[in-house]
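Novice: Here it is, the structure in full.
The values are calculated or read from the model by the stated rules, or taken from the named source; none is laboratory data. Bear in mind the structure is a predicted one, so any value in this text is a computation, not a measurement. For neighbour counting, all protein chains shown are included, and Cβ atoms are generated from backbone atoms with ideal geometry for every residue, glycine included. Keep in mind that these areas ignore ligands, DNA and RNA; they rest on the heavy atoms of the full protein, side chains included. Shrake-Rupley method; radii C 1.70, N 1.55, O 1.52, S 1.80 Å.
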Amino acid sequence: MTPTIDEALRLRGQRTSGFDYIRITLAASIILWHAIPLSYGPAVELTYWRSPFGWAYHFVLPMFFALSGFLVAGSLNRCPTLISFFGLRVLRIVPALSVEITLSALLLGPALTSYTVAAYFADPRFHSYFLNIVGEIHYVLPGLFDSNPLPSMVNAQLWTIPYELQCYLAIGGLAVTAALRQRVILLVVVLASQALWVWQAIKMGEDGSSGGASGPVLVVAFLAGILFHLYRDRIRLSRTAFLVVLAGSIALSALPHSAYYTGPLN
């Protein structure tokens, strides 16, 4: 009989290199995905979404968030208090994000801007760009990339930051309300949230075919990852189950609104 996720983790001291390989692969895929609209424009990106292999693009970000949910739930289990947990989250995001934003604004910007250096540093958009560090997203640096296929866009991947913060607040709220000790409650929360966002997408006429997963889908995927961690003693590492879920996800991705209800399956 194949082992459960929990049994496999115990055999490997709660850490496996497989998670690292999956994370690196997904991160590289996301970089390649963002390179398409930045290099060739949204119209070319849209052809990828609507191609026969568009389902693969829909899966990448939800899979990344689901994996994060699973691993972050494990981190919460190892932390003695919520304060230490959120401290680790801050250390996980803020230093790297601060360096990336600072280098973009202070080195990349002055080197590539079409403005004079004095005008660049005086522009309000230069100052507001640093608000990215606290989760208020700004994509524009003055005079940068104005003639690109996706004009004036600097660090397009920053759009997920607010949803990452929402995910951390969500797991903190679940911990405070003891929902993480009642996995049936979380199962109901995930299913209800998914149903709510699918209904909203249908109501707004958004079929999800014009791009990748929306922010709410990513949050649901993160919650699904937490749910997998809570049920790790029941879920077996079965190749057959994996192939069945993969086939189901691909089939569902061909239906309207697919980007909104395949997230948890990923």
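Novice: Not counting ligands, DNA or RNA, and with a 1.4 Å probe, what is Arg236's accessible surface area in Å² rounded to the nearest 10?
Specialist: For Arg236, solvent-accessible area is about 90 Å².
Novice: Taking the chain as a Gaussian network, Cα atoms linked when under 10 Å apart, which of Tyr129, Tyr57, Tyr115 shows the biggest mean-square fluctuation?
Specialist: In this elastic network of the chain, the residue with the biggest mean-square fluctuation among Tyr129, Tyr57, Tyr115 is Tyr115.
Novice: Moving on. Using the alpha-carbon atoms, what tilt in degrees (0 to 90, nearest 10) does helix 183-204 show relative to the longest principal axis of the chain?
Specialist: 50
Novice: Once you put a point 7 Å from the Cα of Leu106 and another 7 Å from the Cα of Ser75, both along the Cβ direction, what distance in nm separates them?
Specialist: Here the modelled spin labels are 2.5 nm apart.
Novice: Read through the labelled values [x] 66, 45, 35; [y] 53, 37, 36; [z] 62, 55, 28 and report the label of the one computed as Cα extents along the principal axes in Å from the structure.
Specialist: Checking each listed value against the structure points to [x].
Novice: Here's a follow-up. What do you reckon, how do Glu136, Glu164 stack up by accessible area (1.4 Å probe), largest on top?
Specialist: Listed by decreasing accessible area, they come as Glu136, Glu164.
Novice: Continuing with the same structure: Using a basic spin-label model with each label point 7 Å from the Cα along Cα→Cβ, how many nm lie between Val244 and Phe130?
Specialist: Roughly 5.5 nm, to one decimal.
Novice: Roughly speaking, what is the stretch gain from Val90 to Leu32, that is 0.36 nm per residue apart minus the C-alpha to C-alpha distance, in nm to one decimal?
Specialist: That pair, Val90 and Leu32, stretches by 18.2 nm at full extension.
Novice: At 1.4 Å probe radius, can you tell me the per residue accessible area of the stretch 62-193 in Å²? Mind showing how you got there, number by number?
Specialist: Numbers: 6740 Å² over 132 residues.
Per-residue accessible area for the stretch 62-193 comes out at 51 Å².
Novice: Also, I was wondering about something else. Roll a 1.4 Å probe over the protein heavy atoms and report the accessible area of Phe65 in Å², nearest 10.
Specialist: Around 10 Å² of this residue is reachable by solvent.
Novice: When the accessible area of the chain is split by element with a 1.4 Å probe, what percent falls to carbon and sulfur?
Specialist: 68
Novice: Whole-Hz ³J(HN,Hα) for each residue in the stretch 225-231, computed from phi via Karplus 6.51 cos²θ - 1.76 cosθ + 1.60 with θ = phi - 60°, x for glycine and proline: what do you get?
Specialist: Rounded to whole hertz, the list is x, 4, 4, 4, 5, 5, 9.
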